[in-house]
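Q: Here it is, the structure in full.
The values are calculated or read from the model by the stated rules, or taken from the named source; none is laboratory data. Please read all numbers here as calculations on a predicted model, not as lab measurements. Every residue, glycine as well, gets a Cβ built from its backbone with ideal geometry; the counts of neighbours run over all protein chains shown. Side chains are part of the model used for accessible areas, which takes the heavy atoms of the whole protein and leaves out ligands, DNA and RNA. Shrake-Rupley method; radii C 1.70, N 1.55, O 1.52, S 1.80 Å.
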Amino acid sequence: MEQMTLFGNSRVMTPLADRLRPTSLEEFAGQRHLVGKGKILRQLIERDQISSMIFWGPPGVGKTTLASIIAGRTRSEFINFSAVTSGIREIREVMERAEAGRRVGMRTVLFVDEIHRFNKAQQDAFLPYVEKGSIILIGATTENPSFEINAALLSRCRVFVLKALEEDDVVRLLTHALEAKEGFRDQNVEISPEDLRAIAAFSNGDARTALNTLEMAVLNGEITGNGIRITTEGLSQCISRKSLLYDKTGEEHYNIISALHKSMRNSDPDASVYWMMRMLEGGEDPLYIARRLIRFASEDVGMADSRALQIAVAAYQACHFLGMPECNVHLTHAVVYLALAPKSNALYTACEAAKRDVKTLRQEPVPLHLRNAVTGLMKEQGYGKGYEYAHDTEEKLTHMECMPESLKDRAYYHPTEQGEEKEAAKRLERIRKFRLS
């Protein structure tokens, strides 16, 4: 006997996303660049020519669903395998089962969710079975497979990149959920187009999040004589906080800090503040952001505005004293200042050029005239002989060579005409002319 619920039976105890899981490419939402008419993955599926592959994309974009559709379309046994709960023993058991199926002409599609969570030994366990065709491996990962999948296994798989769903795709998916028998057709749910689009925007391209949010809104909707009404006020409680896609140790961490750096370098304060807030709201340590701003202040602003370094260091101290959420405005202060500051990478290029010479050229001894004669023997050896004390001259300059002989004409610092650095450029030009005179 089925358990009765608000909606009549236990069917609704199954999550909406599972009840509405597509079974064909025609029902599949999004990823038209892969499964649209004439696209490569669709052709491979329709021709039954699939091989092992990796689906790389954010959560809730259909990686598991697409693997299930492939298994059904290609008449293969489908095994759903989780990297979170399985070890080497479970892998071997499944591989033996697949190998037995191969001997009687049965193909096995092994779907491994979160394959990046497997360690090297676990990933290597798949290799012999992939090579001899015992399984068609479909791995799903939210992490860059170049970093997380063993090179040997990755070389035997084709990588397909799945994208977050477009907002219109999510709206169509939600509309289907309201109209489908497996969804809420029999509950006569009333929701405005604006609120439906609000759910789609909140989901951030994640179909599972969108359907779960709709389901929550229905469960908390107002029961009327005709069905269920979802109000804007009720919906706001279900979408009060968006779950941001941000992994403090994964690729998205590096993508967003890169976006922040490049936005500041491009003198775009609005984009800079946006990317900074994406990091903070995603749970990033504000001190990490502040450290990156200190580096930026010298690498990309430098002598064009030396106050930039002071502002960045002050922001770090403010973050240390106050912490979140109060220090977000101090980081905004520094980010906007750095974005609007005149830019010069002359310090960075000087640093890199000198480092390159230090690493690649012969390590020259320090010239004798630059050495301190702290003992009598050192003085006898000529340490300090010929040293010229700049403060003894009217110009506060001397003609003394401070570079090793082989590098005496080397110049690392090339100031720009940006901001205050143009004054440094003029002074350096005067100094160099004096030493050539």
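Q: Where residues in the stretch 45-61 are open to solvent by less than 20 Å² (accessible area, probe 1.4 Å) and part of a loop (DSSP other than H, G, I, E, B), which of them is modelled with the lowest pLDDT? Steps first, please.
A: To start, the set of residues in the stretch 45-61 that are open to solvent by less than 20 Å² (accessible area, probe 1.4 Å) comprises 45, 50, 52-55, 57, 60-61.
Filter again for part of a loop (DSSP other than H, G, I, E, B), leaving 50, 52, 57, 60-61.
Details: Ile50: 82, Ser52: 89, Gly57: 86, Gly60: 85, Val61: 89.
Once the filter is applied, the top-ranked residue is Ile50.
Q: With respect to Ile91, is the statement that it is open to solvent by less than 50 Å² (accessible area, probe 1.4 Å), farther than 24 Å from Gln31 by Cβ and not in a loop (DSSP other than H, G, I, E, B) true? Don't jump to the end; show me each part of the working.
A: Working: open to solvent by less than 50 Å² (accessible area, probe 1.4 Å): yes; farther than 24 Å from Gln31 by Cβ: yes; not in a loop (DSSP other than H, G, I, E, B): yes.
When the stated conditions are applied, Ile91 passes them.
Q: Another question about this same structure. Could you check the stretch 115-193 for helices (runs of 4 or more DSSP H) lying wholly inside it with 2 or more residues that are touching a Lys or Arg at 6+ places or on another chain (Cβ under 8 Å), closer than 30 Å to Ala217 by Cα and not aromatic (Phe, Trp, Tyr)?
A: Working: elements: 120-124, 127-131, 145-148, 151-154, 167-179.
Once the helices (runs of 4 or more DSSP H) in the stretch 115-193 are filtered for at least 2 residues that are touching a Lys or Arg at 6+ places or on another chain (Cβ under 8 Å), closer than 30 Å to Ala217 by Cα and not aromatic (Phe, Trp, Tyr), what remains is 167-179.
Q: While we're looking at this one, here's another question. Mind counting the residues in the stretch 297-316 that are assigned to a helix (DSSP H, G or I), of a type in the set (S, T, N, Q) and either over 18 Å from Glu352 (Cβ atoms) or open to solvent by less than 10 Å² (accessible area, probe 1.4 Å) (or both)? Let's see the steps before the verdict.
A: Taking the stretch 297-316 first, the residues assigned to a helix (DSSP H, G or I) are 297-304, 307-316.
Next, only the ones that are of a type in the set (S, T, N, Q) stay: 298, 310.
Cutting the leftovers down to either over 18 Å from Glu352 (Cβ atoms) or open to solvent by less than 10 Å² (accessible area, probe 1.4 Å) (or both) gives us 310.
Number of matching residues: 1.
Q: Something else about it: Tally up the residues in the stretch 178-195 that are over 19 Å from Asn226 (Cβ atoms) and in contact with a helix residue (DSSP H, G or I) (Cβ under 6 Å, 6 or more places away or on another chain), please.
A: Total meeting the criteria: 1.
Q: For the stretch 376-401, give me each residue that is part of a loop (DSSP other than H, G, I, E, B), open to solvent by less than 70 Å² (accessible area, probe 1.4 Å) and over 20 Å from Arg427 (Cβ atoms). Outline the logic, then answer.
A: To start, the set of residues in the stretch 376-401 that are part of a loop (DSSP other than H, G, I, E, B) comprises 381-389, 393-401.
Next cut, open to solvent by less than 70 Å² (accessible area, probe 1.4 Å) only: 382-384, 386, 393, 397-398, 400.
Once the filter is applied, which keeps residues that are part of a loop (DSSP other than H, G, I, E, B), open to solvent by less than 70 Å² (accessible area, probe 1.4 Å) and over 20 Å from Arg427 (Cβ atoms), the stretch 376-401 yields Gly382, Tyr383, Gly384, Gly386.
Q: A further question follows. Can you pull out the residues in the stretch 12-70 that are basic (Lys, Arg), more than 26 Å from the chain's Cα centre (by Cα) and closer than 26 Å to Leu127 by Cα? Steps first, answer last, please.
A: Let us first name the residues in the stretch 12-70 that are basic (Lys, Arg), namely 19, 21, 32, 37, 39, 42, 47, 63.
With the extra rule that they be more than 26 Å from the chain's Cα centre (by Cα), the set shrinks to 19, 21, 37, 39, 42, 47.
Result: Arg42, Arg47.
Q: Still on this structure, please answer the following. Being within 13 Å of Ser406 (Cα to Cα) and open to solvent by 100 Å² or more (accessible area, probe 1.4 Å) is the filter here; which residues of the stretch 361-375 pass it? Working first, answer last.
A: Restricting attention to the stretch 361-375, the residues satisfying the condition of being within 13 Å of Ser406 (Cα to Cα) are 361-367.
Correct list: Arg362, Gln363.
Q: If you check every pair at least six apart or on different chains, which have Cβ atoms under 6 Å apart with a residue in the stretch 203-229 that is over 24 Å from Arg21 (Cβ atoms) first and a residue that is of a type in the set (S, T, N, Q) second?
A: These pairs meet every condition: Asn226/Asn188; Gly227/Gln187; Gly227/Asn188.
Q: Of all residues in the stretch 331-375, count the ones that are over 40 Å from the mean Cα position of the chain (by Cα) and either part of a loop (DSSP other than H, G, I, E, B) or within 30 Å of Tyr288 (Cα to Cα) (or both). It would help to see each step written out before you state the result.
A: Kept after step one, since they are over 40 Å from the mean Cα position of the chain (by Cα), are these residues of the stretch 331-375: 362-375.
After this cut, where a residue has to be either part of a loop (DSSP other than H, G, I, E, B) or within 30 Å of Tyr288 (Cα to Cα) (or both) as well, the list is 362-367, 371-375.
The total comes to 11.
Q: If you scan the stretch 144-158, which residues turn out to be surrounded by 18 or more Cβ atoms within 10 Å (Cβ to Cβ) and in contact (Cβ under 8 Å) with a residue 40 or more places away in the chain?
A: Hits for the stretch 144-158 are Pro145, Ile149, Cys157.
Q: May I pose another question? Give the residues of the stretch 402-437 that are farther than 18 Å from Val301 by Cα, assigned to a loop (DSSP other than H, G, I, E, B) and either in contact with a Pro (Cβ under 6 Å, 6 or more places away or on another chain) or of a type in the set (D, E, K, R) (or both), sorted by residue number.
A: Result: Lys408, Asp409, Arg410.
Q: Here is a check on your reading of the model: is Ala151 of a type in the set (A, V, I, L, M, F, W, C), modelled with pLDDT of 85 or more and over 23 Å from the mean Cα position of the chain (by Cα)? It would help to see each step written out before you state the result.
A: On the way: of a type in the set (A, V, I, L, M, F, W, C): yes; modelled with pLDDT of 85 or more: yes; over 23 Å from the mean Cα position of the chain (by Cα): no.
Criteria not met by Ala151.
Q: Only one of Val112, Val104, Val161 is open to solvent by 20 Å² or more (accessible area, probe 1.4 Å) and in contact with a strand residue (DSSP E or B) (Cβ under 8 Å, 6 or more places away or on another chain). Can you tell me which?
A: Values: Val112 fails: open to solvent by 20 Å² or more (accessible area, probe 1.4 Å); Val104 fails: in contact with a strand residue (DSSP E or B) (Cβ under 8 Å, 6 or more places away or on another chain).
Answer to the selection: Val161.
Q: When the residues of the stretch 239-296 are filtered to those that are within 16 Å of the chain's Cα centre (by Cα), acidic (Asp, Glu) and assigned to a helix (DSSP H, G or I), which remaining residue is modelled with the highest pLDDT?
A: Of everything passing the filter in the stretch 239-296, Glu281 is modelled with the highest pLDDT.
Q: If I ask for residues that are over 28 Å from the mean Cα position of the chain (by Cα) and open to solvent by less than 40 Å² (accessible area, probe 1.4 Å), which ones from the stretch 193-213 would you list?
A: Going residue by residue through the stretch 193-213, those that are over 28 Å from the mean Cα position of the chain (by Cα) are 193-196.
Asp195, Leu196, listed by residue number.
Q: Also: Return the total of residues in the stretch 18-44 being open to solvent by 60 Å² or more (accessible area, probe 1.4 Å), closer than 26 Å to Arg156 by Cβ and β-branched (Val, Ile, Thr).
A: Total meeting the criteria: 1.
Q: Evaluate the following for Leu407: is it under 30 Å from Lys343 (Cα atoms) and more than 45 Å from the chain's Cα centre (by Cα)?
A: No: the conditions fail for Leu407.
Q: Go through the stretch 404-437 and give me each residue that's exposed (fewer than 12 other Cβ atoms within 10 Å of the Cβ) and in contact (Cβ under 8 Å) with a residue 40 or more places away in the chain.
A: Hits for the stretch 404-437 are Glu405, Ser406.
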